[in-house]
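The values are calculated or read from the model by the stated rules, or taken from the named source; none is laboratory data. Note that the structure is predicted; figures quoted are calculated from it, not measured. Glycine gets a Cβ as well: all are built from the backbone with ideal geometry, and neighbour counts include every protein chain shown. In case anyone asks, the SASA skips ligands and DNA or RNA and just uses the protein heavy atoms, side chains included. Shrake-Rupley method; radii C 1.70, N 1.55, O 1.52, S 1.80 Å.
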Amino acid sequence: MDYEAARLTLRATLIEPGLLVVADAWYPGWRGQVDGEDVGIVPANLLYRAIALGPGVHEVTMSYEPRSWLAGVWISLATAAVLLVTLLAALRDRFIRL
């Protein structure tokens, strides 16, 4: 088992179909993979994360990849670009007047 703040990887062995419940908070943005295939993570007991598994041995990965983070990156890049254009325009005006 490999456990980090935003990622969990473990091996689960089930005799019959079941639900893997992780006693960590469920929150939108969690992504799941079972044996390399994308699967949905659902809330269990209103608080925890869960993935449905079939019988057998499975490699399970849960990772936190919120879309809000990606939106924040794009907004920050756009803001930086506007500031850079504004700065270059101000510098150009200043040197043109000289």
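Stretching Ala78 away from Tyr27 to a fully extended chain increases their span by 15.6 nm, per 0.36 nm per residue minus the current alpha-carbon distance.
Label-to-label distance, Ile96 versus Ala5, with points set 7 angstrom from Cα along the beta-carbon direction: 4.7 nm. Would you mind telling me the share, in percent, of accessible area of the chain contributed by carbon and sulfur at probe 1.4 angstrom? Roughly 64 percent, rounded to a whole number.
Taking every protein chain into account, the accessible area of the stretch 1-75 amounts to 69 square angstrom per residue (probe 1.4 Å).
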